[in-house]
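Shown next, in structure tokens, is the structure this report addresses.
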Amino acid sequence: MKTLVSTVAGLLAAGFLSVSAQAADLVLYTSQPNEDAQATVDGFMAANPGIKVDWVRDGTPQIIAKLQAEMQAGNPVADVLLIADTVTLERLKEAGKLMAYKSPEAANYDAALYDADGYYYSTKLITTGIVYNTAAAMKPTSWQDLTKPEAKGLVIMPSPLASGAALIHAQTLAGVDSLGGWDYYKNLAANGAIAAGANGGVLKSVASGEKAYGMIVDYLPIRAKAKGSPVEFVFPKEGVSAVTEPVAILAGTKHEDAAKKFVDYALSEKGQEGFLKLGYIPARNGMKLPDGFPARDSIKVLPVNAASALKNTDQDLKTFTSYFGSK
């Protein structure tokens, strides 16, 4: 079954196959890693045995491009989105592409973690901090450490052009006065930092020793360390950015009841336990944290305003690429 669903997902993502209402009771578009997407779908179907789910996985920018192409063609396929960040969903909300749904599970979440009108709900906290190779001479504790001479030419980060989390991260750090706003990224570029690809490439580069330091989402190096990789993850003292992998229902879904059940499941204690087992910080109040993470109240999450970030996205991308290029 896993092989079949993964094959279907791959064909869908490549544009070679269309899901029909007869093929599935619900279609999920997600930016989760493949194994995580499969685990999420398996958990939902186990809790709702009468509902069959097909899923498509890709990076958030690619998922949105596919979705927009389908909408322009008058044939949207997805019923539910589970993607990286609230800014992307705020854009879809403003465009009238999402359906409002007041989930009863929202009572277990901080109000800042979901849209007040019920258009999207955060499911987890995925922070971005610093990864370093254990052989590195400097053990960073601050974002400013990456601009020091000891880190010259040794820093890598994901590009906001390839990663939704990386865009949110850049916009968040640029809003920290003590870092100097966008001058922080100008200083990183002057110190030889590079920005290319997504988070997986950062981990590979730092773990191999090609680079000593990187900006990266938390779960990748924490999982890698547990498997013996020579890496450490740091929550810098200034704080960390976070994407929350929100879930939302597409306007015009033909499977409204199933879509609502998926949202409720993702927010439920059982659904959140599933994300916890995968190594993520659950967004729901009162949940435990995965192994390898510090206490939740010790993690300082820096604020970002989704509406403002959306408004400034084009200019922020131009600013970033002026320093690092368009890789």
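Read the figures in this text as sums done on the coordinates, not as results from a lab. In this text the structure is predicted, and so the values were computed from the model without any measurement. For neighbour counting, all protein chains shown are included, and Cβ atoms are generated from backbone atoms with ideal geometry for every residue, glycine included.
Taking Cα centroids, how far is the range 219-289 from the range 144-217 in Å?
Centre-to-centre distance over Cα atoms comes out at 23 Å.
Counting alpha carbon pairs within less than 8 Å and at least 6 residues apart, what relative contact order, in whole percent, applies to the chain? Could the numbers behind the result be given before it?
Working: 601 pairs, mean separation 79.6, N = 327.
This gives 24 percent for the chain.
Figure the gain on full extension for A116 and N34 (residue separation times 0.36 nm, minus the Cα-Cα span) and round it to one decimal in nm. Walk me through the intermediate numbers first.
Working: separation 82, 0.36 × 82 = 29.52 nm, distance 3.02 nm.
Net length gain for the segment: 26.5 nm.
Normalised by the residues of the range 174-327, what does the relative contact order come to in percent, with Cα pairs under 8 Å and at least six apart? Numbers along the way, then the final one.
Details: 103 pairs, mean separation 35.0, N = 154.
Relative contact order comes out at 23 percent.
Taking the Cα-to-Cβ direction at A137 and at K270 and moving 7 Å from each Cα, how far apart do the two end points lie in nm?
Each label point lies 7 Å from its Cα, and together they span 5.5 nm.
Go through the range 247-304 and name the GluC sites (Glu not before Pro) that are in a DSSP coil and have 15 or fewer other Cβ atoms within 10 Å of their Cβ. Walk me through the numbers on the way to the answer.
Details: sites: E256, E269, E273; in loops: none.
Hits after loop and neighbour filter: nothing returned.
Give me the percent relative contact order of the range 60-173, please, defined on Cα pairs under 8 angstrom at least 6 residues apart. Write out the running numbers ahead of the final one.
Values: 63 pairs, mean separation 26.3, N = 114.
That works out to 23 percent.
For E256 and A226 in one chain, what is 0.36 nm times their gap in residues minus the Cα-Cα distance, to one decimal in nm? Display every interim value, and only then the final one.
Numbers: separation 30, 0.36 × 30 = 10.80 nm, distance 4.02 nm.
Gain on stretching E256 to A226: 6.8 nm.
Could you give the length gained on full extension between A107 and V176, defined as 0.36 nm per residue of separation minus the Cα-Cα distance, in nm?
Working: separation 69, 0.36 × 69 = 24.84 nm, distance 3.07 nm.
Result: 21.8 nm gained on full extension.
Build a GNM of the chain with springs between Cα atoms under 10 Å: which of G228, G271, G164 gets the top mean-square fluctuation?
G228
Could you tell me which trypsin sites (Lys or Arg not before Pro) in the range 238-267 are loop residues by DSSP with no more than 16 other beta carbons within 10 angstrom of their beta carbon?
On the way: sites: K254, K260, K261; in loops: K254.
Sites meeting the loop and neighbour criteria: K254.
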